[in-house]
Ligand SMILES: C[S@@+](CC[C@H](N)C(=O)[O-])C[C@H]1O[C@@H](n2cnc3c(N)ncnc32)[C@H](O)[C@@H]1O
């Protein structure tokens, strides 16, 4: 089958592009709807191109980006291209970051907010997405001066996909996003990860909004979906806590390179892929 050749428009922590070849053979041979409750940059969705999908994330700006790509691709392309026309320096970066934060603070979810998110992702340190306690984006400039922040054909291909197929875009907690899952649906969970090091303090992680209790809640949901007959697949770090939470399921280990880590030595590691089916 001819594919649309889509790829993520954002660099995103935990992005699955490098794992696609490992993940694809694990997809059930036949399934009904596809659910991805932690969509992030959507590498897996865009490579699978399911005909019927429910995608979700708690990040409002990210979900706005999917909605704007669906409804207003040409506006996004033109705004990003005009942002790219100016050689970026520190002042220009912080001016655009301020404009983006103004949109966040005033809850303006429009094509410009989506375009700024794309442009900032290419000009901020390591493509990180981090907000302060007020929800304002606070990643510093990466010193990148010029270059294209967006691939027009890719944005148009994603827009075509979101319009031609039955894709529901939600912005809620992962449990709510899975309320409609029924037997025969396929659910892929790629939540924020459990910290890699055993000594890592979980309170650090609550800052990113995903606590130990959330991981337990996710494991309980995994079990519920398993019992009702859905195909469930989950990625996480290969750490004892994760192996313990999912000990009754099939657990496979994968080698990964981490694109987003300040420390070069920590840019490789092990992840697990957990499924409730063979
Ligand atoms: C590891 S990333 C997913 C990466 C994605 N697979 C990709 O290829 O880019 C986890 C995502 O979960 C989202 N998230 C965090 N807490 C959530 C929650 N309670 N419910 C739904 N999404 C959540 C984050 O905003 C983030 O985008």
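The values are calculated or read from the model by the stated rules, or taken from the named source; none is laboratory data. Quantities reported herein were computed from a predicted structural model and do not represent experimental measurements. Note: ideal-geometry Cβ built from the backbone for every residue, glycine included; neighbour counts use all protein chains shown.
Side notes on the structure shown:
- Any chance residue 100 is in contact with a strand residue (DSSP E or B) (Cβ under 8 Å, 6 or more places away or on another chain), under 23 Å from residue 55 (Cβ atoms) and more than 16 Å from the ligand (Cβ to nearest atom): yes
So that you can scan it fast, the table gives a plain yes or no per residue for (1) modelled with pLDDT of 95 or more; (2) out of contact with any strand residue (DSSP E or B) (no Cβ under 9 Å at 6 or more places or on another chain); (3) farther than 21 Å from residue 78 by Cβ; (4) not assigned by TED's automatic domain parsing to the domain that holds residue 191:
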| residue | (1), (2), (3), (4) |
| --- | --- |
| 116 | yes, yes, no, yes |
| 120 | yes, no, no, yes |
| 130 | no, no, yes, yes |
| 134 | no, yes, yes, yes |
| 141 | yes, no, yes, yes |
| 146 | no, yes, no, yes |
| 158 | yes, yes, no, yes |
| 163 | yes, yes, no, yes |
| 167 | yes, no, yes, yes |
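Results for (1) more than 22 Å from residue 189 (Cβ to Cβ); (2) more than 9 Å from the ligand (Cβ to nearest atom), shown as yes or no for each residue.
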{"residue": "37", "(1), (2)": "no, no"}
{"residue": "50", "(1), (2)": "no, yes"}
{"residue": "59", "(1), (2)": "no, no"}
{"residue": "70", "(1), (2)": "yes, yes"}
{"residue": "75", "(1), (2)": "yes, yes"}
{"residue": "87", "(1), (2)": "yes, yes"}
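- Residue check for residue 193: in the same structural domain as residue 53 (by TED's automatic domain parsing) and at pLDDT 95 or above: no
- Single condition residue 167 does not satisfy, out of (1) surrounded by fewer than 18 Cβ atoms within 10 Å (Cβ to Cβ); (2) touching a helix residue (DSSP H, G or I) at 6+ places or on another chain (Cβ under 8 Å); (3) assigned to a strand (DSSP E or B): (1)
- Candidate set: the stretch 1-29, residues that are in contact with a strand residue (DSSP E or B) (Cβ under 9 Å, 6 or more places away or on another chain) and outside any helix (DSSP H, G or I); chosen: the one farthest from the ligand (Cβ to nearest atom): 28
- Residue within the stretch 43-55 that is modelled with pLDDT under 95 and either surrounded by 22 or more Cβ atoms within 10 Å (Cβ to Cβ) or touching a strand residue (DSSP E or B) at 6+ places or on another chain (Cβ under 8 Å) (or both) present: no
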